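This report concerns only the one structure given below.
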Amino acid sequence: MPKRFDNLYSQIIDFENLWYAYRAAAKGKRCKDAVARFSFHLEERLLELESELAARRYRPGPYRSFLIRDPKRRLISAAPFRDRVVHHALCRVIEPIFERTFIGDSYANRIGKGTHAALDRTQWFSRRYRYVLQCDLREFFPSIDHAILHAVLARKIACPDTLSLCDAIIDGGAGVLDAEYTQVLYPGDDLFATARPRGLPIGNLTSQFWANCLLNELDQFIKRELHCRGYVPIPSPKISAKN
């Protein structure tokens, strides 16, 4: 049985952790109106958050969505700044638990990794293998099944309050992508599962982190079961190489 971690919630809602979470969320954005308003009454706002979280009364606010092209069309959903502080506070505590389980060649949204390191690794593999397979996950963020994500998180987290906070953030983003994306179905899909809530807002720190947690299941299968040595999961299409 994999080790599960309990008693995490008190670390998440600790005032010092919320303070560091605020600093991370505000980095490079202090001139933004929402950040400036929060910062003007910083101690009061952080104490309010701490109180709401401690009383289990915290509820995420509505998202502000807008379209970008990078180069393909994407719907970005921005959470209110106070929610972004909570996202950072949560990830500061639970991310190290999952991070140690990720494969070494996973590069998306990880400290010390990133696209440039992934490209260097891909070039290294390309000089050693004759064939390359490039794959992409179609409509990945809009397709993330909330029940499956909860099950993946619960394998490592035994703290009920922490799981409830995760669920509140996950549920708070339900439906924000529905107007822009259509659900992708494949032969053999469980039609009952298609009725379950799905989709994570593109733009949340938590969405990026939870995407890595889900994709780690695929990464482990490819590395452990398929024994693919030259495998590089990156923010854009996944690369696999073989002689």
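The values are calculated or read from the model by the stated rules, or taken from the named source; none is laboratory data. Note that this is a predicted model, so its numbers are computed, not measured. Cβ coordinates were reconstructed from backbone atoms using ideal geometry, including for glycine residues, and neighbour counts include every protein chain displayed.
Here are a few things to note about the model shown:
- Considering region 65-105, and only residues there that are modelled with pLDDT of 90 or more and of a type in the set (Lys, Arg), the residue that is surrounded by the most Cβ atoms within 10 Å (Cβ to Cβ) turns out to be 84.
- Only one of the numbered conditions (1) surrounded by 14 or more Cβ atoms within 10 Å (Cβ to Cβ); (2) over 20 Å from the mean Cα position of the chain (by Cα); (3) in contact (Cβ under 8 Å) with a residue 12 or more places away in the chain is not met by residue 134, and that is (1).
- Within this structure, residue 39 fails the test of being more than 30 Å from residue 156 (Cβ to Cβ), among the hydroxyl-bearing types (Ser, Thr, Tyr), outside any loop (DSSP other than H, G, I, E, B) and at pLDDT below 95.
- Some residue of region 169-185 being small (Gly, Ala, Ser), outside any loop (DSSP other than H, G, I, E, B) and within 30 Å of residue 18 (Cα to Cα): yes
- Taking the listed residues 145, 171, the one that is modelled with pLDDT under 95, surrounded by 15 or more Cβ atoms within 10 Å (Cβ to Cβ), closer than 10 Å to residue 197 by Cβ and under 15 Å from the mean Cα position of the chain (by Cα) is 145, with no other qualifying.
- Breaking point among (1) touching a strand residue (DSSP E or B) at 6+ places or on another chain (Cβ under 9 Å); (2) at pLDDT below 80; (3) surrounded by 11 or more Cβ atoms within 10 Å (Cβ to Cβ); (4) of a type outside the set (D, E, K, R), for residue 243: (3)
- Long-range neighbours under 8 Å by Cβ, at least six apart or interchain, first residue farther than 9 Å from residue 4 by Cα and small (Gly, Ala, Ser) within region 150-170, second modelled with pLDDT of 95 or more and surrounded by 15 or more Cβ atoms within 10 Å (Cβ to Cβ): 168/58; 168/60
- Reported count of residues in region 13-50, each being within 23 Å of residue 173 (Cα to Cα) and surrounded by 12 or more Cβ atoms within 10 Å (Cβ to Cβ), is 17.
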